[in-house]
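Coordinate-derived values only; no laboratory data. For clarity, every value in this text was computed on a predicted model and none was experimentally measured. Here the Cβ positions follow ideal geometry from the backbone for every residue, glycine too, while neighbour counts run over all protein chains shown.
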Amino acid sequence: MTGSIRLAIFMTSFLAASAAAQDGLSRAREMYESAAYEDALVELGRLKSEASASAVPEIERYRALCLMALNRGSEADKVIESLVISDPLYQPATAEASPRVRTAFNSVRQRVLPGLARQLYIDAKALFDRKAYPEAVEALERTVKVIDTVDGAQKAELADLRVLAVGFLELGRASVTRPAAPTITTAPAPVQPPFPAAPLPLTSDLAVIKQDLPPLPFSLASAGKQEYRGLIEVQIDVTGNVTDARMLQPVHALYDVMLLKAAREWRYEPPRIGGQPTASRKRVEIVLRP
């Protein structure tokens, strides 16, 4: 059998399967609209077992609608959660979903998205570390978009993660567009862009008032690694308060966000020039042993 014949057979089978799936979805939709929710669930379950990945979201959306109509809220939440996990940016169209459905989706999304955003960042950072910059840029853009869809207090909790993601995103974009220079070896780029202001004097002998490190998350402390190291740089104003912080050498994708948040609460005795306190920078080496 020639390749062209095999391709023709495959396309015929694929189109037939697609048409059957659409017919099945139409039947399930009609059952839902006529309030035959249990029958629709049976049809949707059959369709899901045979459907392509692209057809699953629509099938799952109608499963959630049927379960909500039957007041099976916990089951509907699980279906919605699977939809959000598979596509964190998915939201039902306003014209197609009732306020009750949109509320249910939003509730699940706000519960699930913070954890998803952290995992997306970890995966994107792994691509960046492997120098797979085009893939890393795409993953980091998605991470930022997901963070930007989170509301309320949880959005504030993800603020530091967003700073890291945007920093790596800018570096990734620069690495994608930067022309190759095979005969010149340059130092690796910092993991975050430099502070926007003109560099302040770097001081190592500041008297520490507060420099508490957050504890390692349990998942890292129990991972079996004997030591975690990193380097953070803080910008300090004339009152000794930290006004900005950046990672020069990451400790771990999970810990870096916690460290940046803690660093903004650090305080120092500012250096004096001519008897007057002055702003400065300080680098702190991080060494953590579980």
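Structure values in brief
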quantity: Full-extension gain in nm, Ala35 to Arg289, via 0.36 nm per residue minus C-alpha separation; calculated: 85.5 nm
quantity: Local electrostatic count at Val163 - Lys and Arg +1, Asp and Glu -1, tallied over other residues with Cβ under 14 Å; calculated: 0
quantity: Inter-probe distance in nm under a simple model that places probes 7 Å from Cα toward Cβ, at Ala93 and Ala153; calculated: 3.7
quantity: Inverse mean reciprocal Cα-Cα distance (Kirkwood Rh) of segment 84-135, Å; calculated: 12.7
quantity: Arg27 versus Arg111: modelled label distance in nm, points set 7 Å from Cα along the beta carbon direction; calculated: 3.3
quantity: Within-15-Å neighbourhood charge of Ala40 [Cβ basis; K, R +1; D, E -1]; calculated: -2
quantity: Where a label projected 7 Å from the Cα of Asp129 along Cα→Cβ would reach, residues of segment 220-255 with amide N under 15 Å; calculated: 220-221, 223-231, 248-255
